[in-house]
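See below for the structure under consideration.
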Amino acid sequence: MRPGIETIRACGGLHRFIGWDRALLTDSGGFQVWSLGELRKISEEGTEFRSHVDGSLRFLSPEVSMEVQAALGSDIVMVFDECAPGKAPHDEARRSMELTARWARRSRDRFDELQRVEADTGRTLVEGLSGAQALFGIVQGATHLDLRRESLERNLEIGFDGYAIGGLSVGEEKSVMWDVVAEIAPLVPADRPRYLMGVGTPEDLLEGVVRGVDMFDCVLPTRNGRNGQAFTSRGKLNIKNTQWGSDLRPLDETCCCSVCRRHSRAYLRHLYLSGEMLSRISLTHHNLAFFLDTMRRVRQSIRSGKFTQFRREFTEMFNSGVE
Ligand SMILES: [Zn+2]
């Protein structure tokens, strides 16, 4: 909706527009349209919805979504899917999963056409890489394991560069979510990335990795940062609490991010209570550094064969509480 795809195209793609020359993943809009609730209408062809910006009627389909993501020029493109509610009964989840499978085929076909004519914007040639976009499929089926397995099979038949597990973390029990992940992740070929969409807390990341997940995405580090919550090696810290009023220690004494090297809890609390954006920006910056560092440590521990030990130590420390 904003600033509009023509602007991004005119600016040479998303990488150039935002000044980021590393990997970018874009979602297809399927989940975002689903989250509009009443404002959308789904048919075989695609989804009609009202713009939250100006109320105008818009249309998204697998083809439109592939065209938009080609214009953005992201490195990883997601297929256009339909997300069933977390607690959808079997028949509703089946209907949704089958629609998603047909949309995955259409996404693949349109994506391949666009790649053949090199339609993606801002394609950059890096040595050893073609610069072409990658397309990931999405496994749906709500909490029903038989539907999840069938969804994965249909995705594998089409063939994708990576496979995502979608439609989780949308209101179902956590234990149910982990049952689905434990069932599906090991069935994805080992040479393809496994991506768990919309997850999660630092502890969730470790739970996902245990079950074979490689990639995650989540709003937690940024949204919670904006709301005054910092993630630290000793758990969550609420910057609004009175106890930090004159505390000159950084958010996390073991963190090397630029915020922790420079600013105290007392100052960040003062900025937050004064309504200064800098506090929310600083907490967001720290939280992102903490999540990235956690995943870096996960990869290191896997390489050295010590993931189990790392997971135990990390969890113990994370649950010890900020003092
Ligand atoms: Zn930090």
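Coordinate-derived values only; no laboratory data. All values derive from a computational prediction rather than experimental measurement. Cβ sites come from the backbone with ideal geometry, for glycine too, and all protein chains shown count toward neighbours.
Over all other residues within a Cβ to Cβ distance under 12 Å of Leu36, the charged ones net out to +2, with Lys and Arg as +1 and Asp and Glu as -1. Here's how it looks for Ile165: its modeled amide H is under 5 Å from those of Val139, Tyr195, Leu196, Met197, which are all 5 or more places away or on a different chain.
When Glu150, Glu203 are arranged by Cβ crowding within 10 Å, least crowded first, meaning fewest neighbours, the order is Glu203, Glu150. Scalar couplings 3J(HN,Hα) for region 219-225, obtained by applying the Karplus form with A = 6.51, B = -1.76, C = 1.60 to θ = phi - 60°, are 7, 3, x, 8, 5, 5, x Hz; x denotes Gly and Pro.
Pairwise alpha-carbon distances in region 202-323 exceed 22 Å for 34% of all pairs.
Relative contact order for region 160-231: what is it in percent, counting Cα pairs under 8 Å that are at least 6 residues apart?
Details: 80 pairs, mean separation 22.8, N = 72.
Taking the mean separation of contacting Cα pairs over the length of region 160-231, I get 32 percent.
Taking max minus min of the alpha-carbon positions on each principal axis, region 216-270 gives extents of 36, 22, 18 Å, largest first. Sequence-ordered 3J(HN,Hα) estimates for region 270-276 from the Karplus curve with 6.51, -1.76 and 1.60 and θ = phi - 60° stand at 4, 4, 4, 5, 7, x, 7 Hz, glycine and proline given as x. Across region 184-243, counting alpha-carbon atoms alone, Rg and Dmax equal 14.8, 51 Å. Specify the longest stretch of the chain that does not include any exposed loop site, a site being one of the trypsin sites (Lys or Arg not before Pro) with a non-H, G, I, E, B DSSP assignment and at most 13 other Cβ atoms within 10 Å. It works out to 23-239. In plain terms, the residue of Ser56, Ser74, Ser65 with the fewest other Cβ atoms within 10 Å comes first and the most crowded comes last, giving Ser56, Ser74, Ser65. Relative to the globular-protein estimate of 2.2 N^0.38 Å, the Cα radius of gyration of region 91-215 stands at 1.14.
Listed by Cβ neighbour count within 10 Å, with the fewest neighbours leading, Val77, Val213 appear as Val213, Val77. Assuming charge only on the beta carbon of Lys and Arg (+1) and of Asp and Glu (-1), the dipole of the chain about its Cα centre is about 1160 debye to the nearest 20. If I measure Cβ to Cβ between cysteines in the chain, which ones have no partner under 4.7 Å? Cys11, Cys83, Cys218, Cys256, Cys257 - these cysteines have no disulfide-compatible partner (Cβ-Cβ under 4.7 Å) in the chain. Taking the DSSP bridge list for the chain and keeping only pairs wholly inside it, about 45 percent are antiparallel. For the chain, the relative contact order comes to 11 percent (Cα pairs under 8 Å, sequence separation of at least 6).
Projecting the Cα atoms of Ser301, Phe318, Pro250 onto the charge dipole of region 215-323, computed from C-beta unit charges around the Cα centre, puts Ser301 farthest toward the positive end. Across region 187-194, coupling constants 3J(HN,Hα) worked out from phi with the 6.51/-1.76/1.60 Karplus curve, θ = phi - 60°, read 7, 7, x, 5, 8, 10, x, 10 Hz, and Gly and Pro carry x.
For the chain, what mean projected area does the convex hull of the alpha carbons give, in nm²? So the Cα hull casts an average projection of 18.4 nm². Placing +1 on the Cβ of every Lys and Arg and -1 on the Cβ of every Asp and Glu, with no other charges, gives region 1-71 a dipole of roughly 280 debye about its Cα centre. Convex hull volume per residue, computed on the Cα atoms of region 6-131, equals 128 Å³.
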